[in-house]
Amino acid sequence: MARVAANQDTSEAERAHFLYVQHACVISRKGSTVRCEEITDTRITPTATGSDQQLLKLDGRLLYKHKYLTYTHLPSAKNTGRAGADQDDINIDIDNDKTMDRQIVEAMRNDLTNGKSKDGINAGLFPLTSKTQANYSFKLIGHESRNGHDVFHIAFQPKDKKDFSWKGDAYIDTTAYQPVMVRTTMSRRIPFAVRTMLGTSLLGLGFTVIYAPQPAARPDAVWFPVSFGTEFKMHIFFFFNREIIISAENRNFEQTHVQSKIVPVAPAAKP
């Protein structure tokens, strides 16, 4: 795992030299009814501390009075609390319950696919880098095949059993010592007293991330998260019950280039 951590640290630094587009879908659903859905394309550009995200496209729909309102822009400050309809300039106030669905959808996308990361995925979700491995214990389960790779199957969990963090399985390429797939779930449930006091519960919270080398054919390829997914149930304040579904795919990778040109300077004119 020390070798995996070193490779992850190297890959994390190399990812700063790539641009890509993230295609994401976030859904808030009550039973079988979709209350809010947003499908986005976002261009991810690396920075020194993480990445800048430019929204390229948004297709949204929000259930209001048994009908779906569609929108293609994020709400501006002056339209906060409104349906967010844009091109048709539909200014319809919606009650708090309907507004919360859209707020949750947008908050989940921002929190889980951003997080000051170069990967398009929150940097705190997976314990494979050298900064986080020290807090986890790992156990080799065996050898398997995943996504066309021979892998080590490794289980992990927090060393501190009282810690609210992630446990799960990592599938590590046996040659590149890079993660091919990581699956997580919460290491422990939210205590009953906290759930009772706050009226909040998250059921089935966990994530699956698939990694692949970019570009795949090159021996010096950089391993990137290429897809991310989660599905869980949310209970808030005893009356707001939703199922949240998130999927994201990183695509259209482009390696950045820095070009320099030496321009000769004309000799100074004689006085």
- Task: Report the net charge of residues surrounding Lys131, where surrounding means a beta-carbon distance below 13 angstrom and charges are Lys +1, Arg +1, Asp -1, Glu -1.
- Result: -2
- Query: Which of Lys162/Lys233; Lys131/Lys162; Lys30/Lys57; Lys131/Lys159; Lys131/Lys167; Lys139/Lys167 have a Cα-Cα distance over 18 Å?
  - Reply: Lys162/Lys233; Lys131/Lys162; Lys30/Lys57
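All of the numbers you see were taken from the coordinates with simple rules; none came from a lab. Being a predicted model, the structure only gives us computed values, none of them experimental. All Cβ positions, glycine included, derive from the backbone under ideal geometry; neighbour counts span all protein chains shown.
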